[in-house]
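See structure below.
The numbers here are math on the coordinates, done by the rules we state, and not lab data. Remember, predicted model here, so these are calculated numbers, not experimental data. No Cβ is skipped: glycine too gets one built from the backbone with ideal geometry, and neighbour counts run over all protein chains shown.
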Ligand code: MCA
Ligand code: AMP
């Protein structure tokens, strides 16, 4: 029987010379380390053997909230290899958020930083987790200590394409976060399609500067390099100057728009500096046409924008080489997210689900081997998000032009995308509304020069109560991940409402749109 374990496919793509460099760390205090392909293989084997030794039930969740490091990447590979389910968590999450994820996913193993061990282990043990390990950026912690006692040879666990490989939590428009369940097959199919579509070459070198707890950094970037046997120049933290300095040694870069905006502020960003690069990819948030144009002018290179979701991995992309399905056009068009990827189906529909004509705006739905298996332990929610004929409702609003280019023009979901991270107003409003003296609140997204979009909280006090905007923000900071904290808070006497009594967020967005101009 064939093994559909994603790790097996990634391992099969390692180059013949296992002593060649697979990852080199650059920038920051942990720079200058080289990991060969053999190192990746052996270390992930030791970690997989450690997981095997715990005799966990099949499909156990391995929840991981650690700073970015190559060892964290090895833990991801080891989890796939051992056939368990990887559950990455943003390092910005606070205790209340972690408590929810751990309670909901019931992981068998939790890995956290040494600094957080006290509170994370308390939450984990309360939720029934038996094993809590630590892992720090400097390669210290109990996880590696324990793995050191295990063999560096390991046969990947037998997995079917449909078997669960990862759970990625995405916030909900209403209620709590949902765990999107992705299978080995979802991710492998997407990695193979992107390898082809983006014309990966044998001599490619990827600059990896994104966090590895979300789809962009973990799947699009890492799978992209590994499935092509390509080395990575690895930054634990994005640093615009250090990144630009790497261009002469690399060929591919992936980033959210904020990364491009920050690099454009670097005087060293020139055509000559970027001459060795063959591909700049942007996604996770809308890339402003100004950024697209300025990048072209400064570097002579055209950013390739693509579109995806945690639930679907990548859905569309501008073409790299010409796409014969669309008449062999090879133009990367700013303001669009390009063509639907081969093997994926995308349609734009009206509220009743009927397909919209060319150029007309509607809801985007997708179907294909990349589309997830559903939300963890939420069958009703899953059923609501799929149509009878198996299309997933993305919640994004867009159109397709006559040439096949897809553009995202908005979202039907109430979502703010800030520096590539998703922020759900309902979650922030819920926290604010629980504060003493607050009658109600509305959080809206407004333009921001660095993060693209940020939240502004508009708060109403209860009769007789007096509220301090700074205190509201400080109280939020103690409860929520830092990127979710609105960048501005105002206390006002009332919220604008329509005749149905619904808060008119569009008016608030308009009123506060110049807050960061
Ligand atoms: C940091 N801060 C932010 C954000 N990041 N505020 C709003 N939005 C953000 N994204 C705030 C912190 O709260 C802090 O505020 C201050 O900025 C400095 O924090 P620091 O951690 O030093 O920030 P940074 O290191 O400069 O981080 C900025 C960043 C980072 C590098 C742009 O946000 C980032 O790596 N973003 C990439 C996200 C990503 O990978 N998304 C992919 C999702 P204070 O000092 O007040 O506390 S995957 C996805 O969307 C789909 C599937 C797809 O299509 O890819
Ligand atoms: P996530 O929940 O982190 O998976 O975020 C997915 C959402 O990010 C999508 O539903 C889109 O709203 C948004 N997104 C991703 N890529 C792009 C893009 N290139 N342009 C506009 N929005 C994007």
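Side notes on the structure shown:
- With R₀ set to 22 Å, the beta-carbon distance separating residue 297 from residue 272 gives a calculated FRET efficiency near 0.95.
- Once Rg and the Kirkwood radius are both taken over the C-alpha atoms of segment 281-373, their ratio Rg/Rh works out to 0.99.
- Equivalent-ellipsoid semi-axes of segment 98-155, from the Cα gyration tensor, Å, largest first: 23, 15, 8
- The label-point distance for residue 426 and residue 331, in a model that sets each label 7 Å from Cα toward Cβ, rounds to 4.0 nm.
- Between residue 265 and residue 249, the modelled label-to-label distance comes to 2.5 nm, taking each label 7 Å out from Cα in the direction of the beta carbon.
- Reference-scaled alpha-carbon Rg (2.2 N^0.38 Å with N residues) for segment 68-132: 1.08
- Note on 36, 53: ascending count of other Cβ atoms within 10 Å places them as 53, 36, the fewest first.
- Segment residue 436-residue 498, length gained on full extension (0.36 nm per residue, minus Cα span): 19.6 nm
- Note: relative contact order over the chain, using C-alpha pairs below 8 Å and six or more positions apart, is 12 percent.
- As a proxy for reagent exposure, ranking 409, 120 by other Cβ atoms within 10 Å from fewest up yields 409, 120.
- Remark on segment 309-457: ratio of C-alpha radius of gyration to 2.2 N^0.38 Å is 1.21.
- Per-selection Rg to Rh, the chain - Cα, Kirkwood hydrodynamic radius: 0.95
- Dimensionless Rg/Rh of segment 187-306 - Kirkwood Rh, Rg from C-alpha atoms: 0.93
- Paramagnetic reach from residue 196 (point 7 Å along Cα→Cβ, amide N under 19 Å) across segment 308-329: 313-329
- Taking every C-alpha pair closer than 8 Å and separated by at least 6 residues, the mean separation divided by the residue count of segment 364-417 gives a relative contact order of 31 percent.
- Three-way shape call for segment 412-517 based on the alpha-carbon gyration tensor, with the a/c threshold at 1.5: oblate
- Relative intensity of segment 137-204 on a log10 scale, I(q)/I(0) at q = 0.13, 0.16, 0.23, 0.27 Å⁻¹, equals -0.77, -1.00, -0.96, -1.02, per a Debye sum over C-alpha point scatterers of equal strength in the absence of solvent.
- Remark on segment 12-62: ratio of C-alpha radius of gyration to 2.2 N^0.38 Å is 1.49.
- Sorting 106, 380 from the fewest to the most surrounding beta carbons within 10 angstrom yields 380, 106.
- Relative contact order %, segment 110-194, counting alpha carbon pairs below 8 Å whose residues are six or more apart: 19 percent
- All C-alpha to C-alpha distances of segment 85-228, sorted into 5 Å bins beginning at zero, yield P(r) values of 2, 8, 14, 17, 19, 18, 13, 6, 2, 0 percent in whole numbers.
- Potential extension, residue 488-residue 16 segment - 0.36 nm per residue separation minus Cα distance: 164.5 nm
- The distance linking segment 1-55 with segment 204-250 is 16 Å (Cα centroid to Cα centroid, whole angstrom).
- The alpha carbons of segment 368-423 stretch over 37, 30, 19 Å along the principal axes, in descending order.
- Pairwise label distance in nanometres, residue 354 with residue 140, each label 7 Å out on the Cα-Cβ vector: 6.7 nm
- Difference of contour (0.36 nm per residue) and Cα-Cα distance, residue 511 to residue 158: 121.4 nm
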